[in-house]
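Chemist: Supplied in structure tokens, the structure appears directly below.
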Amino acid sequence: MELKLITANLGKINPSSIDDYLAHGGYRALQRVCDATETVSFTHDLKAAGLVGRGGAAFSTGLKREMAIRAEPTHPYPAPEWIPERYRYSSSFVVCNADESEPGTFKDRLLLEGDPFCIIEAMTITAFLACATVGFIYLRGEYPLAYERLTHALRVARERGYLGKRILRDDFAFDIEIRRGAGAYICGEETALFESIEGKRGEPRAKPPFPTDKGLFQRPTIINNVETFANIPFITLEGAQAYRRYGTKQSPGTRIVCVSGAAQKPGAYEIEMGTPLRYVIEELAGGLKPERTLQAILIGGAAGVFLKPDEIDVPLAFESLDAIGATFGSGAIVVLDDTAKMWGVLLRLARFFRNESCGKCLPCQIGTQRQLEILERMTQGRSRKLEQTDISPEELRLLRDTGAVMRDASLCGLGQTASNAILSAFDKKLIL
Amino acid sequence: MLRHPKKKHRQYLYQGDPLAAPPPPELETILERHRGRDDALITVLEEIQNHYGYLPQRQLQYTARELGLPLSRVYGVATFYNLFHFTAPGRYMVRVCRGTACHVNGSRQIIHALKDKLAINEDESTPDGLFSLQTVACMGACSLAPVLVVNDNTYGRMSPESAVDEMEKLKRENAILDAEVRA
Ligand SMILES: Cc1cc2nc3c(=O)[nH]c(=O)nc-3n(C[C@H](O)[C@H](O)[C@H](O)COP(=O)(O)O)c2cc1C
Ligand code: SF4
Ligand code: FES
């Protein structure tokens, strides 16, 4: 079912007016946290609510926060020289990952453009609980409107005392900086994002140490996706029980799915976890255009997997998607009807990974190139009748080998998932 | 000894440190705000590009020196991110989305139509300096697929014909602007 939990304010409030936000219950959650006598319960609550990251990795948000709060301070004070002076005194950082560049995903943009104060409030709550004094929003460079609205929102929040020194109480200071990405998909990966904020090439770091121990400027860092943050004010205010009323047992809450491709009414819809994919495509997105049939569905973005038309009844929740070998990923659902050329789509995906691989580790740097070459060889000279090609078994084995090496040996998620979608198309016989 | 008759040897003579002079004032104002902060490198490069339209070599050398970074670090960063270019782009930066959603809605035909219309390839500019063509992986406007972005304006639900029409419109718009400037 469609259920507006975190998108309730979108389109209803004026995104540049803090008064409007306050009138719709804004900053009540922060007030509650700042007034509380003990704060451990909020993190326990978040853990109990079962919220997991919406950025792709689906890691428990409560656990992440707890780990960051518990992390040992990495540097003795005074902090080392190489940390820029204004960040030197923050014992940890809160980062919002708004570098949304997964093809087919646009939910973060809508949230930031429609309800910027909600994200700012959520970051402030997190900062209070984790004792951070500096936060970053790493915003994708290609989102000028979101940048404008966020800059304005930050300024207004500062003027009204919701950011800066003495936020709602005397001993709490916090401020947020926006950093704009410079056009690199890999900077969405959390450690690459830190490198980028530090002014370096956005190449992922080896993990561990995890960001909760050594993240930005080697300090404990809580990094979450925009949508993850958007859930936090509700959970803080209403508690875990209320949150668990929605969704399924293992995946509570809601999820924003971005439907695009051959649907009649493409767009972003907030659904309760467990809603069948069929309902999303046929009811919310208005189904296919007349006289077209469904060929495949790409779920989870470029790193996701293809679903066959007969898998359309799967409930959209982490556990049920896992069970059929799919992932929720970034929430992107690309619908392919019978006019789409599968080979062309696969070539696009392979080219995307070839272009976006940062080149730091060999399996992915070489593997993504070989993967594209193998696919190009398979399709060579058959541009007219691509759907009926015979694939030579050797080529297919080579493709699978390449995929396996990338999955097992790559440093970061990009390489590890670069072959998922392509191999799933072969496995499910979508291109024979 | 064989010498190329036209080769100007003077050109290769050492003429002193080209960076001996202080940075030009416009660069100075950009660098002033960030001196000594190597985490600001990307911001500095962005500001330089906003000012000059691209990243001139000399300016990068100044940046390295003034921020106290090796030149390799500056170039390493500048070449890593897609946003930065090293030659002047056209007045209209035309970017065609080639993401999955746009692809299945026909962005391939659009890029072909634009290549024909402008007679350039991807990552090239027209000789009159008006248009540059680029492809991107997704613009985050997939519900409007296929998407075309010119500078910061997004055009949704394009077709090859309407994309070509937009180019015509921009050309006319530019001619009007030019006429106004001259007047
Ligand atoms: C190649 C790659 C790209 C990613 N891109 C994004 C992104 O654009 N936005 C995002 O929120 N997370 C992205 N992630 C996931 C982040 O690494 C990280 O898991 C996430 O920001 C954690 O937030 P969460 O716990 O709220 O999901 C990406 C991961 C990988 C491996
Ligand atoms: S897997 Fe790919 S993107 Fe990730 S670090 Fe290695 S080369 Fe870079
Ligand atoms: S795929 Fe083109 S805008 Fe997302």
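Chemist: Looking at the stretch B:21-58, which of the residues that are of a type in the set (V, I, T) and within 14 Å of chain A (Cβ to nearest Cβ) is surrounded by the fewest Cβ atoms within 10 Å (Cβ to Cβ)?
Modeler: So, considering only residues that are of a type in the set (V, I, T) and within 14 Å of chain A (Cβ to nearest Cβ), the one surrounded by the fewest Cβ atoms within 10 Å (Cβ to Cβ) is B:T43.
Chemist: Considering every residue within the stretch A:366-377, establish whether at least one is in a loop (DSSP other than H, G, I, E, B), more than 12 Å from chain B (Cβ to nearest Cβ) and either polar (S, T, N, Q) or within 16 Å of ligand 2 (Cβ to nearest atom) (or both).
Modeler: Within the stretch A:366-377, none of the residues are in a loop (DSSP other than H, G, I, E, B), more than 12 Å from chain B (Cβ to nearest Cβ) and either polar (S, T, N, Q) or within 16 Å of ligand 2 (Cβ to nearest atom) (or both).
Chemist: Just a yes or no: is a residue in the stretch A:152-162 within 13 Å of ligand 1 (Cβ to nearest atom), surrounded by 23 or more Cβ atoms within 10 Å (Cβ to Cβ) and in the same structural domain as A:Y27 (by TED's automatic domain parsing)?
Modeler: Checking the stretch A:152-162: not a single residue is within 13 Å of ligand 1 (Cβ to nearest atom), surrounded by 23 or more Cβ atoms within 10 Å (Cβ to Cβ) and in the same structural domain as A:Y27 (by TED's automatic domain parsing).
Chemist: Turning to a different aspect of this structure: Among the listed residues B:V77, B:V94, which satisfies the condition of being surrounded by 18 or more Cβ atoms within 10 Å (Cβ to Cβ), at the interface with chain A (Cβ under 9 Å from one of its Cβ atoms) and not in a loop (DSSP other than H, G, I, E, B)?
Modeler: Sole residue among the options that is surrounded by 18 or more Cβ atoms within 10 Å (Cβ to Cβ), at the interface with chain A (Cβ under 9 Å from one of its Cβ atoms) and not in a loop (DSSP other than H, G, I, E, B): B:V77.
Chemist: Hey, another quick one. Would a scan of the stretch A:333-341 turn up a residue that is part of a strand (DSSP E or B), away from every other protein chain (no Cβ under 14 Å) and closer than 15 Å to A:L277 by Cα?
Modeler: Looking for residues that are part of a strand (DSSP E or B), away from every other protein chain (no Cβ under 14 Å) and closer than 15 Å to A:L277 by Cα, one finds none in the stretch A:333-341, hence no.
Chemist: Further question on the same structure: All but one of (1) in contact with a helix residue (DSSP H, G or I) (Cβ under 8 Å, 6 or more places away or on another chain); (2) within 14 Å of chain B (Cβ to nearest Cβ); (3) more than 15 Å from ligand 2 (Cβ to nearest atom); (4) part of a loop (DSSP other than H, G, I, E, B) hold for A:A425; state the number of the condition that does not hold.
Modeler: The single condition A:A425 does not satisfy is (4).
Residue-by-condition table, conditions (1) within 16 Å of ligand 2 (Cβ to nearest atom); (2) within 14 Å of another protein chain (Cβ to nearest Cβ); (3) within 20 Å of A:K4 (Cα to Cα); (4) not aliphatic (A, V, I, L, M):
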site	(1), (2), (3), (4)
A:P204	yes, yes, no, yes
A:T212	no, no, no, yes
A:R245	no, no, yes, yes
A:Y269	no, yes, yes, yes
A:M273	no, no, yes, no
A:G287	no, no, no, yes
A:A296	no, yes, no, no
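Chemist: With B:A145, B:A101, B:A141, B:A175 as the choices, which residue is away from ligand 2 (no atom under 16 Å from the Cβ), more than 13 Å from chain A (Cβ to nearest Cβ) and not acidic (D, E)?
Modeler: Matching residue, one of B:A145, B:A101, B:A141, B:A175: B:A175.
Chemist: Another question, if that's okay. Any idea which of (1) over 30 Å from A:W82 (Cβ atoms); (2) hydrophobic (A, V, I, L, M, F, W, C); (3) surrounded by 15 or more Cβ atoms within 10 Å (Cβ to Cβ) is the one B:A119 doesn't satisfy?
Modeler: B:A119 satisfies all of (1) over 30 Å from A:W82 (Cβ atoms); (2) hydrophobic (A, V, I, L, M, F, W, C); (3) surrounded by 15 or more Cβ atoms within 10 Å (Cβ to Cβ) except (3).
Chemist: So which residues in the stretch B:104-114 are within 9 Å of chain A (Cβ to nearest Cβ) and either touching a Leu at 6+ places or on another chain (Cβ under 7 Å) or modelled with pLDDT of 95 or more (or both)?
Modeler: Within the stretch B:104-114, B:V104 is the sole residue that qualifies.
Chemist: Just to confirm my filter: which strands (runs of 3 or more DSSP E) fall fully inside the stretch B:122-166 and include at least 1 residues that are out of contact with any Phe, Trp or Tyr (no Cβ under 8 Å at 6 or more places or on another chain)?
Modeler: By residue number, B:131-136, B:153-155.
Chemist: If you go through the stretch A:214-233 one residue at a time, do you hit one that is surrounded by fewer than 23 Cβ atoms within 10 Å (Cβ to Cβ), part of a loop (DSSP other than H, G, I, E, B) and assigned by TED's automatic domain parsing to the domain that holds A:G114?
Modeler: Yes; the residues of the stretch A:214-233 include at least one that is surrounded by fewer than 23 Cβ atoms within 10 Å (Cβ to Cβ), part of a loop (DSSP other than H, G, I, E, B) and assigned by TED's automatic domain parsing to the domain that holds A:G114.
Chemist: For A:T191, indicate whether it is farther than 20 Å from A:Y27 by Cβ and either away from every other protein chain (no Cβ under 14 Å) or of a type outside the set (F, W, Y) (or both).
Modeler: On the way: farther than 20 Å from A:Y27 by Cβ: yes; either away from every other protein chain (no Cβ under 14 Å) or of a type outside the set (F, W, Y) (or both): yes.
In short, yes.
Chemist: Here is a list of conditions, (1) surrounded by fewer than 19 Cβ atoms within 10 Å (Cβ to Cβ); (2) in contact (Cβ under 8 Å) with a residue 24 or more places away in the chain, and A:Y269 meets all of them except one; can you say which number that is?
Modeler: In the conditions (1) surrounded by fewer than 19 Cβ atoms within 10 Å (Cβ to Cβ); (2) in contact (Cβ under 8 Å) with a residue 24 or more places away in the chain, A:Y269 misses (1) alone.
The values are calculated or read from the model by the stated rules, or taken from the named source; none is laboratory data. What you see is a predicted model, and the numbers here were worked out from it, not measured in a lab. Backbone-built Cβ (ideal geometry, glycine too); neighbour counts: all protein chains shown.
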